[in-house]
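Quick one: this structure, given as structure tokens, is what I'll be asking you about.
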């Protein structure tokens, strides 16, 4: 069982990965609504990362490589931004939510650490719902090639050992 510090340091690596890749990818997209949503997701995850860094007194962390890889893979060749937002909202985000739940259930958290896991969960849910709103009516997911690519992102995390969650520590 991880310590509070180990668990929150792991959460930070996951959040940092989302923050980094979404921030890098946003200016490369052509759909204005997706650009804004991607920037907003990066901003929100950056706020969570900052709060975690302050709690841990850790100025820097290495983003979780598997999350970086799958988000960068989604962004590669994603002109509009739909695949990247899908990857965040459907592939990465839910797994991180499960990890946050597991941290709350398995680790003896102090009041501040519990508040941080709740902050991270709330930010993730808000961003995932916002992605759903901006993507409503987008027909790109009806294309067979798009769906196959989307499945491959999910399989990439499964293959790395993250079928249901991103774990609670490294």
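Looking at the structure I just gave you, is residue 27 farther than 19 Å from residue 167 by Cβ, at pLDDT below 95 and surrounded by fewer than 23 Cβ atoms within 10 Å (Cβ to Cβ)?
Taking the combined requirement at face value, the residue does not satisfy it.
Of everything in segment 41-64, what is free of Cβ contacts under 8 Å to residues at least 24 places away in the same chain and either touching a helix residue (DSSP H, G or I) at 6+ places or on another chain (Cβ under 9 Å) or assigned to a helix (DSSP H, G or I) (or both)? Give them in sequence order.
43, 50, 54, 59, 60, listed by residue number.
Within segment 52-70, can you find the residues that are within 11 Å of residue 12 (Cβ to Cβ) and within 12 Å of the chain's Cα centre (by Cα)?
Scanning segment 52-70 gives 63, 64.
Which ones in segment 137-150 are part of a helix (DSSP H, G or I), in contact (Cβ under 8 Å) with a residue 24 or more places away in the chain and surrounded by fewer than 17 Cβ atoms within 10 Å (Cβ to Cβ)?
Matches in segment 137-150: 140, 141, 146.
Same structure, new question: For segment 65-92, enumerate the residues that are touching a residue at least 12 places away in the same chain (Cβ under 8 Å) and in a loop (DSSP other than H, G, I, E, B).
78, 79, 80, 81
Taking the stated definitions as given, is residue 153 modelled with pLDDT of 95 or more, under 26 Å from residue 56 (Cα atoms), surrounded by 15 or more Cβ atoms within 10 Å (Cβ to Cβ) and in contact with a helix residue (DSSP H, G or I) (Cβ under 7 Å, 6 or more places away or on another chain)?
Criteria not met by residue 153.
Any residue in segment 119-136 that is surrounded by 16 or more Cβ atoms within 10 Å (Cβ to Cβ) and either free of Cβ contacts under 8 Å to residues at least 12 places away in the same chain or closer than 20 Å to residue 2 by Cα (or both)?
There is at least one residue in segment 119-136 that is surrounded by 16 or more Cβ atoms within 10 Å (Cβ to Cβ) and either free of Cβ contacts under 8 Å to residues at least 12 places away in the same chain or closer than 20 Å to residue 2 by Cα (or both).
Can you tell me which residues in segment 71-81 are surrounded by fewer than 23 Cβ atoms within 10 Å (Cβ to Cβ) and under 16 Å from the mean Cα position of the chain (by Cα)?
The answer is 72, 73, 75.
Out of segment 24-33, which residues are touching a helix residue (DSSP H, G or I) at 6+ places or on another chain (Cβ under 6 Å) and part of a helix (DSSP H, G or I)?
25, 26, 33
The values are calculated or read from the model by the stated rules, or taken from the named source; none is laboratory data. Computed from a predicted structure; not experimentally measured. Every residue, glycine among them, receives a Cβ derived from its backbone with ideal geometry; neighbour counts consider all protein chains shown.
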